[in-house]
Amino acid sequence: MAHDRPETHKSGCPCCSPYIWDAYRLRHPGLSRRGFFGAGAALTAAGLAVLGRSGEASAAGLATALAFTAPALAAGETRRARLDAAGSVTVYRGGIIRTMNDTAPLAEAVAVSGGRILAAGSEADVAARVGRDARVVDLAGRTMLPGFVDCHGHISMTALLMGFQNLAPEPAGPVRSIEDIKSELRKFRERTGDGRGGWLLGAMYDDSLLAEKRAVTRSDLDEVSADQPILVYHASLHVAVVNSAALSLLGITAGTPDPKGGVIRRWPGTREPNGILEEGAISLAMPRLPQASREELLDLLDLVQERYAAWGITTAQDGATRRPDFDLLSLAAERDRLKIDVVAYPFFTHIEDLAKGDIEMRRDYNGFKVGGIKLMLDGSPQAKTAWLTKPYEVVPPGFDKDYSGYRIVDDETAAALVEDAFARGWQVYAHCNGDAAADQFIAAIAKATVKHGMADRRSTVIHAQTLREDQLDEMARLGVIPSYFVTHTFYWGDWHRDSVLGEERASRISPVRSTIDRGMRYTLHNDSPVVPSDCRMLLWSAVNRETRSGKVLGEAQRIDVMEALRGITIDAAWQHFEDDIKGSIEAGKLADLVILEQDPVKIETSQLRNLSVAETIKRGETIYRA
């Protein structure tokens, strides 16, 4: 794999993988598969070349198809309109109310009416404001906080994968071994009544964490079924494994050449496929996989929202949104099926598509809004494709000793994309795991700022795993903030220390303490579906920084619980330009609230990931109760 060939990119992040969409794309007659993605991204060029075989749209037709149009909201009452019009008052009291408002961090009572917070403060003050007719809810010693904000993830892709059997390693899933994968696939067959469209489907296995410490092959899957086709996705979504029945159905044999931008892995010393399909080779399976209807996709999105609500999340993000994601979320808004809010950041290939449409940035379309755009500047550290300034601790086989990952776009392109976003007044995020990628983004921000001047743009470095001290200084000067994928310390911390970065660099991944020391804002995220969007794990990881083996990775970068809470409440709302309506418990803000059985500030920090969510409230309405 060449450093400078984006078409061979293998990232650990799902937002650069188009292949999953073919399995669950919206049925939309008249729109080509190429139309779903948009053309021109170097990162997805190989996938698009394969997908484009189904035919080309005319230039005019493609332009029309790609324009991002606002959801067609029907006239009449929606859930949000009904809640906003409600005149009844509810008062919460009798517990610990942490407002995340620096000027009044604690309250004795909170009054809610019309989907908003009517008052927060002492019981006497709140009682005087609401009168005697209010409904009173006794918190019974429990703790109330603002609803949690998932400030970077991929909710639409998470929904798609709900249709697959979960093969993730513990604690994100039930899998420890290849035997567990087989067992889970058998459960899928039983649960679905012989599979989906005759296929057994699974996702998110991670061979680096399997007891056998080897890749899954067709031989393993054949033990589940020799007759029924099976496909399972790797956690990176850039590799899939199929069984012998699937290879036969797909016509993949020893004589099948590797497709452009992909690899059909073979048994050693032969041309016989071993079932593993990499990158563009996954597209060979897509035409035969079952497709989901719009209603099935909406049902899957409902399931994801229920899971998010159970974690206390009231606002989610859809980062690197592609056209099918947008269509699904728009349809959910039109059908009044968004129980939580979703903020989308379309992939950078859609800049012109957004400009052609009639979407108003940051306007709430019944719980769905577009916040800006998302760039992709490198890969992932765990897959050793993040773009670093120094070589990897252990270089992958087949690479030079100075291998340090690689860029996705050149400096000129990165600068042009940022300048374009600044000129349009759009917020811009950039996926930057490696410090070289962060250098590229920061330089592009600095160049665009010289031309357009300083402004409150809230440009954000997403993941920000290896930011250096000098980079944080420059980001502070430019008003750029980091959003940290801090649970890396647990999920891949040992791998980062021993193989990816070495002890010194690994101890600084997600340098939140360094960020706080500079007085900068920051946020914390999980990047679902890479790992679940469980905010309790964010709190636990940011405070403890323990790896899977129980070792502390970078004690100097630990933060306290209140600092961690800021990263999933008020500062996370700020990142979305929503701190005026979300993120803290203050009069006038939306009544987005979460009630916990324990106070995260008072329990042992080792127990933060075991916090119990008792109730989640969105706009004054309970959307989850334990």
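The values are calculated or read from the model by the stated rules, or taken from the named source; none is laboratory data. Since this is a predicted model, take the numbers as computed values, not measurements. Note that each Cβ is placed from the backbone with ideal geometry, even for glycine, and that neighbours are counted across all protein chains shown. Quick note on the areas: whole protein, heavy atoms, side chains included, nothing else; ligands and nucleic acids left out. Shrake-Rupley method; radii C 1.70, N 1.55, O 1.52, S 1.80 Å.
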Handout entry: Residues that are surrounded by 15 or more Cβ atoms within 10 Å (Cβ to Cβ), in a strand (DSSP E or B) and of a type in the set (Lys, Arg), drawn from region 105-153
Key = Arg116
Fill in the blank from the handout: Note: among Trp540, Trp495, just one is within 27 Å of Asn166 (Cα to Cα), surrounded by fewer than 24 Cβ atoms within 10 Å (Cβ to Cβ) and in contact (Cβ under 8 Å) with a residue 24 or more places away in the chain, namely Trp495
Exercise for the section: Search region 503-523 for residues that are within 11 Å of Ala464 (Cα to Cα) and touching a residue at least 60 places away in the same chain (Cβ under 8 Å) and pair each with any residue that is small (Gly, Ala, Ser) and surrounded by 21 or more Cβ atoms within 10 Å (Cβ to Cβ) when their beta-carbon atoms are under 6 Å apart and the residues are at least 6 apart or on different chains. Expected result: Thr523/Ser483; Thr523/Gly567; Thr523/Ala572
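Okay, residues lined up against (1) open to solvent by 30 Å² or more (accessible area, probe 1.4 Å); (2) under 23 Å from the mean Cα position of the chain (by Cα); (3) over 30 Å from Ala333 (Cβ atoms); (4) of a type in the set (A, V, I, L, M):
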| residue | (1), (2), (3), (4) |
| --- | --- |
| Pro273 | no, no, yes, no |
| Ile276 | no, no, yes, yes |
| Gly280 | no, yes, yes, no |
| Ala285 | no, no, yes, yes |
| Glu295 | yes, yes, no, no |
| Asp299 | yes, yes, no, no |
| Asp302 | yes, yes, no, no |
| Gln305 | no, yes, no, no |
| Ala309 | no, yes, no, yes |
Practice task
Consider Glu419 carefully, then state whether it is open to solvent by 60 Å² or more (accessible area, probe 1.4 Å) and either of a type in the set (Asp, Glu) or not in a helix (DSSP H, G or I) (or both).
Solution key: no
Completion exercise
Just one listed residue, out of Arg116, Arg80, Arg98, is modelled with pLDDT under 95 and under 32 Å from the mean Cα position of the chain (by Cα), and it is Arg80
Practice task
Inspect all residues belonging to region 452-461 and state whether any of them is open to solvent by 10 Å² or more (accessible area, probe 1.4 Å), part of a loop (DSSP other than H, G, I, E, B), of a type in the set (Asp, Glu) and under 30 Å from Asp207 (Cβ atoms).
Solution key: no
Fill in the blank from the handout: Here the residues within region 498-531 that are aliphatic (A, V, I, L, M), crowded, with 24+ Cβ neighbours inside 10 Å and in a helix (DSSP H, G or I) are Val500, Ala506, Val512
Fill in the blank from the handout: Filtering region 557-594 down to residues that are open to solvent by 10 Å² or more (accessible area, probe 1.4 Å) and not in a loop (DSSP other than H, G, I, E, B) yields Gln557, Val561, Met562, Glu563, Arg566, Ile570, Trp574
Handout entry: Long-range neighbours under 6 Å by Cβ, at least six apart or interchain, first residue assigned to a helix (DSSP H, G or I) within region 595-622, second polar (S, T, N, Q)
Key = Thr605/Asn544
